[in-house]
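Only the coordinates and a few stated rules stand behind these numbers; no lab work does. This one's a predicted model, so the numbers in the text were calculated from it and none came from an experiment. Every residue, glycine among them, receives a Cβ derived from its backbone with ideal geometry; neighbour counts consider all protein chains shown.
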């Protein structure tokens, strides 16, 4: 009984890091379709525009059953609109866990069919978050081990333009 | 591209609780085959024998793509022997999380192909663990809301025989 | 020896949720007087005005020994000014706990007589915070299970006016 | 409207520490009656007998509205039998919190009327647990700052007799 | 074999608290040179200017082997530029720990030679953070037990000027 | 002003793992003398004898300024007897942290001069504890990546003899 399960991996991806890529690669092996869904939240300030964030993922995560898209509004509504079966989240540490658990419960309360599963990125990425990455990139850190090449280039441009 | 993914849900199940059943039901919807694997660890004392633990699950989790079995030795070896793709664990709270994270990393170190995913049981089972259940059952608590009927009966027998 | 204990339940209540109401109802049963004290902090941005926040609580928490008021300045000073005996806080999860513990210790250091006690809301509200609520309400979520009716109406108005 | 609230503070008290005494003193100020309830669990090994544990509390916590007793069986049943209104627990740190939260939810599930509240002991006792105390006492530590005098004497006797 | 170890204690110190002073005093006893390094991050808003933050530390931490300086850019680069051997961080509680652990791993990834060690401030400062201190000072709290005298004076001036 | 600081790294080391070795190597670089102190606690069951545990460390941690010894009784007393200045502990994760923090506070209460510092092992050892290692070794796991060669041999012998 083969299953045709559609998974959604939502996030800001501002920008995509190697930890995100690692989760994408792991989830793509487990499910038939993986939709990487970039959240557009007009109340949050992003470093990269929506189209930049989507195209950075598209050029880095070149996997057959991975689709990249964006959504506005409620994640719970997007989940239903793409007929998804499961929501993917990465877990690095306890601080992640608390927030992620709260989100997953909220989503389940909004729609009992939203099943959230948590994957663990490679141990090497325990320390890696988009916010910390942006902070050190703006301070001139060499970030080539933490992000795909296209993200590194984009961050360098911004870092130089700010000087 | 439908996927044929084999999932393993290992544990002591000493005894099975409704929280376990909830995880089994959720995982069975996501994967083609779910193997509930009861761990036989000669160094641990169990309240129920291996055959009792297996049969309690078999009679409670009557789902087409769920198989119940037991294993001795290393979980990482059992995982390979059944050609599994993913390991299932339930997550209730932070104390769980720390231990589960450590186990998942250890298993990944033993075999890089062991992908662990975490599912969240129903909010109603946040407080429920096999050890706390046994403790209150031995003290005479009414546990019918926390375990399947066959487990309730077994626990009552033991509780009475100890008096 | 009956006791006449005055309890204070401080917060931003921006806005009141069912989790807050649940704590109010539990605390009102334990103490003679419960003062729900809405904090006015000029350094924080609130979605609702002070008078809106106070009146949402007044119309939702209609309990004989519950009084609703607001305070500016230091909670420790307000506590003394109303001759309170105990401070009430709700606890949901670890992230709450750390912050709440730090606050309770700070208040005890400011005034050794400030005794903080923590109550646990109903399990159903584990996921519920005012900030997450506002976020999903602004994105169009149906929030009627999470807040009193008057709060739901107010949030809808704001959500529509922002479109 | 003065309230006549009966509080229960359960525990093993094996032995009583200054952290326990601190919680007893704080709770006695808030409620009309405080019942310190020593748990007799035949499945657990205790250093001190039930009567020793009860009498150590009686001679140390000499407060008018504090009663000391013991119970066997389920705490939820004892709570009902003494017509208690609230359960008292001390909270020191995160590891405490997780366990205590789980217990409080379990008790609420066994009986919805069991309201658990958490108090914070003096900052000076953050590190103090009965198990760690016994361990260092057996190794010859000077423990007079951590326990009442009668407990210190008892622990010394045992420590010497073991040599 | 005596060692000549250079330690760096970085932070915002906006403003210096007694908890910081406590860590400085402890670290100065363990290492030959302790460089207190005030971070200038143009992306963060500070209450006090860089020169104010440096001079508050200089006048409060009058210890022979302690030097106070500031740095811009990446901490990992500053660490190398002063030929430091070890990075000092204070740890108060779990929330601290998670963030500090992430930072320490990031720094080790940027430069494998950056060894971070964690010290524990006096128990009395468990609750003390610069952000909470600023908040209560602006609300008129008496903060003389939490900061050196010169910081208390500076905070009073600001608090009055804002009224 | 070079400093002659004596550090003590206490533990059960039952058995030594690569995570311990990593901490030993890091601490030896920071302090003049590092005393690895194996705790003999007659109330705990150990897999390896004291002399085995000491000799496994001696043959694996061959560093000039590292001494290996054992102690009975209270760590606080041993610390004084060797005129130590600082206590070393490794930190891997939150569960570690809570216990270690409690221990460090207890030791500081027993003797205010006991300064505990925490070091972080290599990220690769986040998952590694002696107890989990023993468990998987007894189940037949290949542990050569987790322990020094001499420990691997010893564990194999025991594992085989138990069959």
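Here are a few things to note about the model shown:
- Tensor-based shape of the range F:106-152 (alpha-carbon gyration tensor, a/c under 1.5 rounded, otherwise prolate or oblate): prolate
- Other protein chain Cβ atoms within 10 Å, averaged over every residue that makes up B:113-125: 5
- Cα radius of gyration and Dmax for the protein assembly as shown (Å): 28.7, 78
- Within a Gaussian network of chain D (alpha carbon springs, distance under 10 Å), most fluctuating of D:24, D:63, D:114: D:63
- Whole-number D in µm² s⁻¹ for the range A:6-161, Kirkwood Cα-pair radius fed into Stokes-Einstein, 20 °C, 1.002 mPa s: 134 µm²/s
- Angle between chain C longest axis and helix C:149-161 axis [Cα atoms, degrees, rounded to 10]: 50 degrees
- Bridges between two residues of the protein assembly as shown, per DSSP, are antiparallel at a rate of about 10%.
- Distances from residue F:140 to itself in the other copies, using label points 7 Å out along the Cα-Cβ axis, amount to 4.7, 4.7, 5.7, 5.8, 7.4 nm in increasing order.
- Inter-copy separations for residue F:55, label at 7 Å along Cα-Cβ, nm, ascending: 5.0, 5.1, 6.6, 6.8, 8.4
- Neighbour-count ranking [beta-carbon atoms within 10 angstrom, fewest first] of D:29, C:134, B:44: B:44, D:29, C:134
- Nm distances between copies for residue D:82, ranked from closest, using label points 7 Å along Cα→Cβ: 3.1, 4.7, 4.8, 5.6, 5.7
- For the peptide E:126-134, the mean number of other protein chain Cβ atoms found within 10 angstrom of a residue's Cβ is 4.
- Exposure proxy shown here: for D:149, F:46, the number of other Cβ atoms within 10 Å sets the order, fewest to most, as D:149, F:46.
- Just checking the listed ones, A:127, A:118, A:71: in the Gaussian network model of chain A with Cα springs under 10 Å, the one fluctuating most is A:127.
- Only Cα sites of the range B:83-161 enter the Debye sum here, all with the same form factor; the resulting log10 I(q)/I(0) across q = 0.24 1/Å is -1.04, listed in q order.
- Computed helical MRE - 222 nm, the protein assembly as shown, DSSP H runs ≥ 4 contributing -39500 (n - 2.57), nearest 500: -13500 deg cm²/dmol
- GNM result for chain B, Cα springs below 10 Å: residue of B:129, B:49, B:25 fluctuating most strongly: B:49
- Anisotropy class assigned to the range B:31-82 is oblate, per the alpha carbon gyration tensor with a/c at or over the 1.5 cut-off and a/b no larger than b/c.
- Taking the centroid of alpha carbons for each part, the range B:2-59 and the range E:112-152 are 49 Å apart.
- Computed over all pairs of different Cα atoms, the Kirkwood value for the hydrodynamic radius of the range F:1-49 is 12.2 Å.
- Peptide B:80-90, shielding by other chains (average Cβ, 10 Å cutoff): 1
- The Cα atoms of the range E:26-117 give a gyration tensor whose axes a ≥ b ≥ c have a/c under 1.5, which makes the shape rounded.
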